[in-house]
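The values are calculated or read from the model by the stated rules, or taken from the named source; none is laboratory data. Predicted, not measured: the structure shown is a model, and the values here were computed from it. We place every Cβ from the backbone using ideal geometry, glycine too, and count neighbours over all the protein chains shown. For the accessible areas, the whole protein counts, side chains as well, though only heavy atoms, and no ligand, DNA or RNA atoms are used. Shrake-Rupley method; radii C 1.70, N 1.55, O 1.52, S 1.80 Å.
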Amino acid sequence: KQHLFRAGEIYETILEKNESAVDVYNSILDIDIDDIEALGRLEALYLRMERWDDLQNIYQRKTDLVDTIEEKKELLYVMGAVYEREVDDTEKAIDTYQRVLELDPDDALGNFGLGELLVEEGRYGEAVSHLERALTADPRYSAALLALGRAHEGANDAAAARDTYRRGVDIAAA
């Protein structure tokens, strides 16, 4: 394996042949499917090469390998962001944030990410509950307050939107 890693480094850094480096790192995974270093190198390559589907597969594999809930959540946050921003697949991003919440229902970032996507999808009632949960975890979460205000606006609840925006202004002023 050591020689394969060195070959991958040469392809990647000296020869600048990223596809060949990918092939070498994948051959390491053929030997040891759980090699975290090979997965990390593929992750970096796929990011540079903007190979989002392959990158998501790497994140999924790493999520299965890590031990703690916090490590799993961190990888799922990144997966959700890639689905949302790079792949433009809102449903997969929503599914990914829901996976975070299966691990930790009170997670502020997971609730915020899901709530914000639901606002964008026009699913305001669902969004409100997740954004309020994010604010329960972190009452000073200004982005969640802004998204909650938009959710109330979308649900035609002007009074709740006004109160939410006022809370945000009060927090910002404090």
Of the residues in the stretch 141-174, those that are open to solvent by 60 Å² or more (accessible area, probe 1.4 Å), closer than 24 Å to Pro105 by Cβ and either touching a Phe, Trp or Tyr at 6+ places or on another chain (Cβ under 9 Å) or not in a helix (DSSP H, G or I) (or both) come to Leu146, Arg150
Considering only the stretch 24-46, I want to know if a residue exists there that is farther than 28 Å from Thr136 by Cβ, touching a Phe, Trp or Tyr at 6+ places or on another chain (Cβ under 9 Å), open to solvent by less than 50 Å² (accessible area, probe 1.4 Å) and of a type in the set (Ser, Thr, Tyr). yes
Residue pairs qualifying under the 9 Å Cβ cut-off, at least six apart or on distinct chains, with the first in the stretch 74-93 being at positive phi and in a helix (DSSP H, G or I) and the second being surrounded by 14 or more Cβ atoms within 10 Å (Cβ to Cβ) and not aromatic (Phe, Trp, Tyr), are none
Checking Asp138, Asp89 in turn, the sole residue that is within 14 Å of the chain's Cα centre (by Cα), open to solvent by less than 70 Å² (accessible area, probe 1.4 Å) and modelled with pLDDT under 95 turns out to be Asp89
- Query: Among the residues of the stretch 99-107, is there at least one that is farther than 23 Å from Glu126 by Cα, in a helix (DSSP H, G or I), in contact (Cβ under 8 Å) with a residue 12 or more places away in the chain and open to solvent by 50 Å² or more (accessible area, probe 1.4 Å)?
  - Reply: no
The number of residues in the stretch 1-23 that are open to solvent by 50 Å² or more (accessible area, probe 1.4 Å), among the acidic types (Asp, Glu) and in contact (Cβ under 8 Å) with a residue 24 or more places away in the chain is 0
